[in-house]
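The values are calculated or read from the model by the stated rules, or taken from the named source; none is laboratory data. No experiment lies behind these values; they were computed from the predicted model shown. Note that we place each Cβ from the backbone using ideal geometry, even for glycine, and neighbour counts take in every protein chain shown. What goes into the accessible areas is simple: the full protein's heavy atoms, side chains included, and nothing from ligands, DNA or RNA. Shrake-Rupley method; radii C 1.70, N 1.55, O 1.52, S 1.80 Å.
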Amino acid sequence: MKASTRGFTGLHMLLATSAFFAVVIAVNITMAVYASSSWSGLVVENTYVASQEFNGKAAAMKAMAASGVEGALSVNGRAIRYDIRDGKGAPAIIDEVTLNFKRPVGDHEDFHLTLRKTGEGRFEADHEVAGGDWIVEAISRKNGLVVMDEAKRIDTAEFGR
């Protein structure tokens, strides 16, 4: 009997190289699928302009937070309600409230609502809100001036949907 002593051949090299690149491609495809399906960052039209406006918006938000005005959003089926209170807990004197519903990723389902005033500090609307995560920006105005501008991230499951 004669034993084969061929060793490492060109076929072995081809198989090793092919296996290496197959693993690299499979990992890249897997990471790309996870990245595109789980990214939860905000979408802005122009990142440079957004960065330039940041300090001004941060100062305005600090001033609004110091005023003590707070809003509470509730979504129950098609009924959307927003209650706003002043720093002492009394209903705030507000003329109008606008809600901007935005998906965390993409803008194809975004919508805006102007709520109707149903009482002092209470505003309501009737609109279907699709299930899932939303960023809701509430802008409250009195005599045309912004009194409160807040954004909250919500999941419709929080409201029993």
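Brief remarks on what is shown
- Per this entry, Val23 is counted among residues that are open to solvent by 80 Å² or more (accessible area, probe 1.4 Å), among the β-branched types (Val, Ile, Thr), part of a helix (DSSP H, G or I) and over 27 Å from Glu128 (Cβ atoms).
Rundown of residues vs (1) assigned to a loop (DSSP other than H, G, I, E, B); (2) at pLDDT 85 or above; (3) touching an Asp or Glu at 6+ places or on another chain (Cβ under 7 Å), yes/no style:
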| site | (1), (2), (3) |
| --- | --- |
| Val27 | no, yes, no |
| Met31 | no, yes, no |
| Ala35 | no, no, no |
| Met64 | no, no, yes |
| Ile80 | no, yes, yes |
| Glu109 | yes, yes, no |
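- Residue that is least open to solvent (accessible area, probe 1.4 Å), among those in region 119-161 that are closer than 21 Å to Arg85 by Cα and in a loop (DSSP other than H, G, I, E, B): Gly121
- Annotation: of all residues in region 69-91 being farther than 18 Å from Glu158 by Cα and out of contact with any Ser or Thr (no Cβ under 7 Å at 6 or more places or on another chain), the one that is least open to solvent (accessible area, probe 1.4 Å) is Val69.
- Boolean, Asp95 is open to solvent by less than 50 Å² (accessible area, probe 1.4 Å), out of contact with any Ser or Thr (no Cβ under 7 Å at 6 or more places or on another chain) and of a type in the set (Asp, Glu): no
- Contact map, region 107-135: residues that are within 14 Å of Arg78 (Cα to Cα) paired with residues that are open to solvent by less than 30 Å² (accessible area, probe 1.4 Å) and not in a strand (DSSP E or B), Cβ distance under 7 Å, separation 6+ or inter-chain. Pairs shown: Val129/Thr156; Gly131/Thr156.
- Within region 103-118, the set of residues being surrounded by 14 or more Cβ atoms within 10 Å (Cβ to Cβ) and under 23 Å from Ile93 (Cβ atoms) comprises Leu113, Leu115.
- Check on Asp95, within 24 Å of Ser140 (Cβ to Cβ) and touching a residue at least 60 places away in the same chain (Cβ under 8 Å): no
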